[in-house]
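Worksheet: one structure, shown below.
Derivation of every value follows stated rules applied to the coordinates shown; laboratory data play no part. As the structure is a prediction and not an experimental result, all values here were calculated from the model. As a convention, Cβ positions derive from the backbone with ideal geometry for all residues, glycine included, and neighbour counts pool all protein chains shown.
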């Protein structure tokens, strides 16, 4: 290539690399979703003239079921997204050189020790056309057989307080070309220089997703969204109307003294999932767990009260159906069982932040909440799995589904409250909320 042309091509490539670096920094500020960041990054490398054959990105996540997410890009148009269950990373050693790259990065000195150099996204390279790494890693031999000539692997740590430690979150990206001779020296320098900006964009998106997941997991979707949007001022509450569901496992406290500790939590998870899944599938929100029970609401803000009460009833009957199915399996296996007590009520409540100056709870308070708890306690006394208040039954507008158990005195409530339970067979006739029952839903 004539000198003037080579210089022009090099200048154009440098300009595109600088533009990509600026774009990545902007995406970090915007917390752009990872798939868009990764796709644009690889497409930009191709636009710079690099014959990318295959690229792969894996990032850690903070999720109850998922340990990480992988994105695959290939020249022939494949765009694949995969989720990896917890423990997947520990099974990588015999499958991929990525494991060794990540472990080596985590073992490097921390930034505050003064020993770490300026390269915090180290690169591992294997010249596949020379057979490098193919005897150690079967996957590299597979790539070489497919036509790849060069393999770059970058480990991107997401450190905390300047310290890179084992167990830290992070990302790993691999890029391959099939050009004879592999990557040029200039291309390797370009990609390496872009890695910190790419890592910053990935981290911003990963951290935001982790925050959302943590808030949704521990607070509920609606509360999590409100907290993330800044609704964290103490005393900031709003008056809402809602159907209220209170559930509790009858006799679980006694079982807790009988069931071995290593099986107790798993047992509680299975039973609570029978209730939580129908509540969420019906549009309700679990506000909090109360030991072996929970408090859930079905707000009237977007729907008619009758619609949301119907959703609450559907969730309750489906939960009872799932509990019955779970108990049949547990009895067959000789395992202890318990039953579920449910109360359905409706009323006006205060919804928002309650607590001390530095420790808040986003919840509902008010007489209707207390009445719901008192109603649930009647299930054991009346020997029924579900009770509903007169107010709930009237708002639902389907009195034929219930039979009255008469007025009952609730502790702390001035006037007696007429309570109802489902008519015989109504629970069995209820349609499931979701036909697909998971492993914990049986």
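General remarks:
- Sorting the segments 172-181, 286-295, 73-82 by their mean number of nearby beta carbons within 10 angstrom, highest to lowest, gives 172-181, 286-295, 73-82.
- Inter-label distance, residue 413 to residue 239: 2.1 nm, where each label sits 7 Å from its Cα along the C-beta direction.
- Inter-label distance, residue 212 to residue 95: 2.7 nm, where each label sits 7 Å from its Cα along the C-beta direction.
- Efficiency of FRET between residue 331 and residue 288 - r from beta-carbon atoms, R0 25 angstrom, step 0.05: 0.25
- Equivalent ellipsoid dimensions for the range 256-393 as semi-axes, Å, which come from the Cα gyration tensor, largest first: 27, 19, 14
- Pairwise centroid distance, computed over Cα atoms, of the range 359-423 with the range 227-294, Å: 18
- Rounded to 5, the percent of DSSP beta bridges in the chain classed as antiparallel: 95
- Relative contact order (percent, whole number), the chain, Cα cutoff 8 Å, 6+ residue spacing: 13
- Comparing 69, 254, 42 in a Gaussian network model of the chain (Cα springs below 10 Å), the most mobile by mean-square fluctuation is 254.
- Sites residue 15 and residue 256, calculated FRET efficiency, Cβ-Cβ separation with R0 60 Å, nearest 0.05: 0.35
- Förster-model FRET efficiency, 60 Å R0, residue 354 and residue 192, C-beta, rounded to 0.05: 0.70
- Residue with peak Gaussian network fluctuation, the chain [Cα springs, cutoff 10 Å], from 243, 343, 159: 159
- Among the listed values (i) 60, 44, 39; (ii) 96, 49, 44; (iii) 73, 63, 38, the one matching Cα extents along the principal axes in Å as calculated from this structure is (ii).
- Placing pseudo-labels 7 Å out from each Cα toward the beta carbon at residue 125 and residue 160 gives an inter-label distance of 3.5 nm.
- Across the range 278-345, Cα-Cα pairs more than 16 Å apart make up 53 percent of the total.
- Highest-MSF residue in the chain out of 412, 147, 170 [GNM, Cα springs under 10 Å]: 412
- Cut-off 11 Å, label 7 Å out along Cα→Cβ of residue 264, residues of the range 331-364 by amide N: none
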